[in-house]
Amino acid sequence: MSKSGHNNPPIPLDPKETIKKNINRRKLIVDDGISLFKGVPLPTWIELSLIDVCNRSCSFCPKSDEKVAPDTYQKMSKKLIDKLHDDLKKIKFNGSLALCGYGEPLLHKDIEYIVDKLSRVADVEIVTNGDPLNYKMINKLYNANAARLLISMYDGPDQIQKFKDMIKQSGIPEEFVILRDRWYSKTENFGVKLTNRAGTIKTGNQIANDVHTVCFYPSYQFLIDWNGDVFLCPQDWQRRQTMGNMMQEEIFDIWTSKIMKKYRVDLLDGKRCNNPCKDCNAQGTLLGINHAQKWREIYKN
């Protein structure tokens, strides 16, 4: 249990417990609500990278290296959001949309429009570093029908009371916001489920790439970048392999494409032989077991 922090005396918190709670919370979303469309299991988790800029530079994040992940300030358009809404409505999507990706989502000036539009077809959760927040913003996100607001606190335990006061002032239900302790040192993996971001990050206690082989990521989820490019998962920070672009194709067609099938089959067989998977050390079996079993049945037949 860690006692690192800026307050005096420090508040004892356990970063491993925070990670465990987050995984268990997501399991309820990912693994308990599989829907089929044309006999195919639909994703239950889609991550959106709304804007390619962050106001912070964390050493465990590729944004800390401008050669790898520079701030381009490119942002997702309303036109793309509208098409995503229509595509998901067409297939009766029944999962969650996570606004995080390769940048700080609250820096997008159309965040209220995005949340309001997408909340009509899915639960929308927002992951933020909390810096752009004030009580008025929290209230606006709640009234735009966001399902959850996750605040990652990087500066120390003193932030807990700061955000609790902000939540109280906003007048929204306290359970709408989840506070996550993320202020730890590299010896404690910064309080996150640390990965090498598909070979991009070396800091912290990184495990070897061959420890985990089987991966369920492409069985239950994918990431959409600001321009509509679809990637296997949020680990591919160098954007090495697109599955397609949702402005040129429909989401379902990308989800069932030949290239998506190739990656899905290989990773279900424990073959991390393609880019970016061959450089990745992520434990890809924490979520998505039910999707994986369904896909195995489909490919077997």
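The values are calculated or read from the model by the stated rules, or taken from the named source; none is laboratory data. All values reported here derive from a predicted model rather than from experimental measurement. Quick reminder, even Gly has a Cβ in these numbers, built from the backbone with ideal geometry, and neighbours come from all protein chains shown. We work out accessible area using only protein heavy atoms, side chains counted, and drop any ligands, DNA or RNA first. Shrake-Rupley method; radii C 1.70, N 1.55, O 1.52, S 1.80 Å.
When ligands, DNA and RNA are left out and all protein chains stay put, how many square angstrom of accessible area per residue does the chain have with a 1.4 Å probe? Don't jump to the answer; show the numbers that get you there.
Working: 14000 Å² over 301 residues.
Accessible area per residue: 47 Å².
Mind checking the full-extension length gain between K109 and D266? Use 0.36 nm per residue of separation minus the Cα-Cα distance, one decimal, nm.
Numbers: separation 157, 0.36 × 157 = 56.52 nm, distance 3.94 nm.
Residue separation times 0.36 nm, minus the Cα-Cα distance, leaves 52.6 nm.
Tell me, what is the percent relative contact order of the range 193-301, built from C-alpha pairs under 8 Å that lie six or more residues apart? List each step's numbers first, then the result.
Values: 154 pairs, mean separation 42.4, N = 109.
Relative contact order of the range 193-301: 39 percent.
Between rounded, prolate and oblate, where does the range 122-236 land on the alpha carbon gyration tensor, with a ≥ b ≥ c its root eigenvalues, rounded for a/c under 1.5, else prolate if a/b exceeds b/c? Can you show the working numbers first?
Details: a/c = 2.74, a/b = 1.46, b/c = 1.88.
Because a/c hits 1.5 or more and a/b fails to exceed b/c, the range 122-236 counts as oblate.
Relative to the present Cα-Cα distance, how much length would full extension add between Q248 and S57 at 0.36 nm per residue of separation? Provide the component values of the computation, followed by the final result.
Working: separation 191, 0.36 × 191 = 68.76 nm, distance 3.30 nm.
Extra length from Q248 to S57 when fully extended: 65.5 nm.
Return the unpartnered cysteines for the chain, using a Cβ-Cβ cut-off of under 4.7 Å.
Taking the Cβ cut-off of 4.7 Å, the unpaired cysteines of the chain are C54, C100, C215, C233, C273, C277, C280.
Hey, can you grab everything whose amide H is under 5 Å from the amide H of I178? Only 5+ residues off in sequence or another chain; H modelled, so Pro and N-termini drop out.
L149, L150, I151
May I ask you to give the percent of accessible area on the range 34-166 that is carbon plus sulfur, with a probe radius of 1.4 Å?
Details: 2540 of 5550 Å².
Carbon-and-sulfur percentage of accessible area, whole number: 46.
Pull out the extension gain between K186 and L28, defined as 0.36 nm times the separation in residues minus the alpha carbon to alpha carbon distance; nm, one decimal.
On the way: separation 158, 0.36 × 158 = 56.88 nm, distance 2.95 nm.
Length gained between K186 and L28: 53.9 nm.
On a 0 to 90° scale, report how tilted helix 289-300 is relative to the longest principal axis of the chain, with both axes built from alpha carbons and the result rounded to the nearest 10.
So the inclination is approximately 10 degrees.
Measure nothing fancy, just the Cα-based angle from helix 78-90's long axis to the longest principal axis of the chain, in degrees from 0 to 90, nearest 10.
Tilt of helix 78-90: around 60 degrees.
What distance in nm separates the simple spin-label points at F176 and S77, each placed 7 Å from Cα in the Cβ direction?
3.2 nm
Estimate the FRET efficiency between K162 and R240 by the formula 1/(1 + (r/R0)^6), using the beta-carbon distance for r and 30 Å for R0, to the nearest 0.05. Don't skip to the answer; put the middle values down first.
Working: r = 39 Å, r/R0 = 1.28.
Efficiency, from the Cβ-Cβ distance: 0.20.
Long-range amide H contacts for V124: which residues qualify at under 5 Å (H placed 1.01 Å from N, peptide plane, sequence gap of 5 or more or a different chain)?
So V124 has HN proximity to L97, A147, R148.
Among E47, E188, what's the order by accessible area (1.4 angstrom probe), most exposed first? Walk me through the intermediate numbers first.
On the way: E47 20, E188 65 Å².
Sorted descending by solvent-accessible area, the residues read E188, E47.
State, as an integer percentage, the relative contact order of the range 164-218 based on alpha-carbon contacts under 8 Å between residues 6 or more apart.
On the way: 29 pairs, mean separation 10.9, N = 55.
With pairs under 8 Å counted, the relative contact order is 20 percent.
Using a simple spin-label model with points 7 Å from Cα along the Cα→Cβ vector, what separation in nm is obtained for T285 and S119?
3.8 nm
With the convex hull built on the Cα atoms of the range 1-158, state its orientation-averaged projected area in nm².
On the way: hull surface 43.5 nm².
Averaged projected area of the range 1-158's Cα convex hull equals 10.9 nm².
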